[in-house]
Amino acid sequence: MVIRKLQPKALIAVSGPDIRWVGNESGFAREGESSVRMGEGKTIWYPAECDVSIRPGWFYHENEDGKVKGIDHLMDIYFKSVGRNSVLLLNVPPDRRGRFADPDVQRLKAFGETIRGLYANAVAKGRIAGGAPSVCEFGGTRSVTLADVREDIAQGERVKAYRVDVRTGGAWRTVARGTVIGQRNLFRIAEVTADAARLVIDRCAGEPLVDWGVYRATPVGPWGMPVRSLPLTPGKPASASVVYANSTQYGGDKAVDGDPNTRWATPDATRACWLEVDLLQEETIGRATISELEPRITKFQIEYRNAADAPWQVAYAGGKAGKAFSADFVPVKARFVRLNILDATFAPTIWEFELYAPK
């Protein structure tokens, strides 16, 4: 192969032998993205690459100088690519001079500064090598807004399930959980005050070798987005009453995956249906957003409960939703939340359904 001959250390991507395409051009990997795959009857190292452009398209157009992705968007991409054990390939097209355009350069500088700022204020760092949890005492109460977990990939991917807990008010509370770690997993955490943190490995294929840490961002978050406004739903388990053609491409999980380019869709005859989300632990919620493909919902309720066998209670009752619906309501404590669509003009299709802590 010419590439191997001329550049032996070059990595060949997309359908190549070294790096695989993640499957979209939004810069998002899946929760639990693994770098290990079966190939030719054996396990191979085959990490995912997330490709996305800093602009609306892949090439330079002067009329798009004002459409360079903002820091909020770029940081969201960072957390959903690098923060999900994947490689981020950010396309920056040259302009007519053969250089990067000034708006792109300015945004790249701000992007780099923001990423470095994520790790500037460490609350605690630890290492786990063996089965026992790794506990870090803070020596007082500190605010935590970020968890960073990194496996020693020179030894391969070993961790299969883990969680990060913080101790608040004398009790341990899980603030992040995952399956595969790999190179890195990052978690944005709704700001919590604690006096200790621990990493617990629940399942592993061998002795775990993991470095981890918790950090505190500035009060509004280093990427310009209020920490308390981060949605609670991305990546959480979800189920739907009906799915278009029973296709996994349109499953209920697509409405809570944090990707605005995937959607939950229902059969054409559907006028009433529901989407249920398991927040995995009791959370206080006080705001919800709904993004429809087209304005179709005419009546709905946001319902909640704390046990799978408990009756549903109504947190919010609404009429029309639309492409950018948002509503605040009296805060409630809930683990299970259901978007119960009672009526629609045509088959409901939802890009994203998100829940938030109260403002």
Mind checking which residues of the range 246-274 are of a type in the set (Val, Ile, Thr) and in a helix (DSSP H, G or I)? Thr248
Can you tell me how many residues within the range 181-215 are assigned to a strand (DSSP E or B), in contact (Cβ under 8 Å) with a residue 60 or more places away in the chain, within 23 Å of Lys236 (Cα to Cα) and not polar (S, T, N, Q)? 14
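Rundown of residues vs (1) within 17 Å of Val36 (Cα to Cα); (2) touching a strand residue (DSSP E or B) at 6+ places or on another chain (Cβ under 7 Å), yes/no style:
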{"residue": "Arg150", "(1), (2)": "yes, yes"}
{"residue": "Ile153", "(1), (2)": "yes, no"}
{"residue": "Asp165", "(1), (2)": "no, yes"}
{"residue": "Leu186", "(1), (2)": "no, yes"}
{"residue": "Ala196", "(1), (2)": "no, yes"}
{"residue": "Ala205", "(1), (2)": "yes, yes"}
Of the conditions (1) out of contact with any Leu (no Cβ under 7 Å at 6 or more places or on another chain); (2) of a type outside the set (Gly, Ala, Ser); (3) more than 16 Å from Val192 (Cβ to Cβ); (4) surrounded by 15 or more Cβ atoms within 10 Å (Cβ to Cβ), the single one that Val123 does not satisfy is (3)
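Could you tell me how many of the residues in the range 286-331 are aromatic (Phe, Trp, Tyr) and touching a Phe, Trp or Tyr at 6+ places or on another chain (Cβ under 6 Å)? I'd like the intermediate steps shown before the answer.
As a first pass, look at the range 286-331 and keep what is aromatic (Phe, Trp, Tyr): 300, 304, 312, 316, 325, 329.
The next check asks that each one be touching a Phe, Trp or Tyr at 6+ places or on another chain (Cβ under 6 Å); those that pass are 316, 329.
Matching residues across the range 286-331 total 2.
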Every listed condition ((1) over 30 Å from Arg158 (Cα atoms); (2) of a type in the set (Ser, Thr, Tyr); (3) modelled with pLDDT of 90 or more) holds for Thr114 save (3)
When the residues of the range 298-326 are filtered to those that are assigned to a strand (DSSP E or B) and touching a Ser or Thr at 6+ places or on another chain (Cβ under 8 Å), which remaining residue is surrounded by the fewest Cβ atoms within 10 Å (Cβ to Cβ)? Ser326
Of the residues in the range 168-180, those that are in contact with a strand residue (DSSP E or B) (Cβ under 9 Å, 6 or more places away or on another chain), assigned to a strand (DSSP E or B) and among the hydrophobic types (A, V, I, L, M, F, W, C) come to Trp172, Val175, Ala176
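Checking the condition under 19 Å from the mean Cα position of the chain (by Cα), at negative phi and part of a strand (DSSP E or B), which residue from Val277, Val330 passes?
Working: Val330 fails: under 19 Å from the mean Cα position of the chain (by Cα).
Answer to the check: Val277.
Please indicate, with yes or no, whether at least one residue in the range 128-139 is among the polar types (S, T, N, Q), in a strand (DSSP E or B) and touching a Leu at 6+ places or on another chain (Cβ under 7 Å).
Filtering the range 128-139 down to residues among the polar types (S, T, N, Q) leaves 134.
Remaining after also requiring in a strand (DSSP E or B): 134.
Filter once more, so that each one left must be touching a Leu at 6+ places or on another chain (Cβ under 7 Å): 134.
Yes, because at least one residue in the range 128-139 is among the polar types (S, T, N, Q), in a strand (DSSP E or B) and touching a Leu at 6+ places or on another chain (Cβ under 7 Å).
Among the listed residues Gly112, Gly98, Gly66, which satisfies the condition of being assigned to a loop (DSSP other than H, G, I, E, B) and not assigned by TED's automatic domain parsing to the domain that holds Ile153?
Numbers: Gly112 fails: assigned to a loop (DSSP other than H, G, I, E, B); Gly66 fails: assigned to a loop (DSSP other than H, G, I, E, B).
Just a single option satisfies the conditions, and that option is Gly98.
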Please state which one of Lys160, Lys80, Lys125 is within 26 Å of Asn261 (Cα to Cα) and of a type in the set (Lys, Arg). Lys80
Can you say whether Asn91 is among the polar types (S, T, N, Q) and at pLDDT 95 or above, as far as the supplied structure shows? yes
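Residues Ile297, Ile350, Ile302: which one is on the phi < 0 side of the Ramachandran plot and in contact with a helix residue (DSSP H, G or I) (Cβ under 6 Å, 6 or more places away or on another chain)? Steps first, please.
Working: Ile297 fails: in contact with a helix residue (DSSP H, G or I) (Cβ under 6 Å, 6 or more places away or on another chain); Ile302 fails: in contact with a helix residue (DSSP H, G or I) (Cβ under 6 Å, 6 or more places away or on another chain).
Answer to the check: Ile350.
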Name the residue, out of Ala154, Ala132, Ala147, Ala176, that is among the hydrophobic types (A, V, I, L, M, F, W, C), closer than 26 Å to Val87 by Cβ and surrounded by fewer than 17 Cβ atoms within 10 Å (Cβ to Cβ). Ala154
Residues of the range 157-172 satisfying the condition of being more than 20 Å from the chain's Cα centre (by Cα), touching a residue at least 12 places away in the same chain (Cβ under 8 Å) and either within 19 Å of Pro234 (Cα to Cα) or surrounded by fewer than 19 Cβ atoms within 10 Å (Cβ to Cβ) (or both): Arg167, Thr168, Trp172
Quickly run through the range 222-242 and pick out the residues that are modelled with pLDDT of 70 or more and out of contact with any strand residue (DSSP E or B) (no Cβ under 7 Å at 6 or more places or on another chain). Pro234, Gly235
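The values are calculated or read from the model by the stated rules, or taken from the named source; none is laboratory data. A quick note: this is a predicted structure, and the numbers were derived from the prediction, not measured. Reconstructed Cβ throughout: ideal geometry from the backbone, glycine too, with neighbour counts over all protein chains shown.
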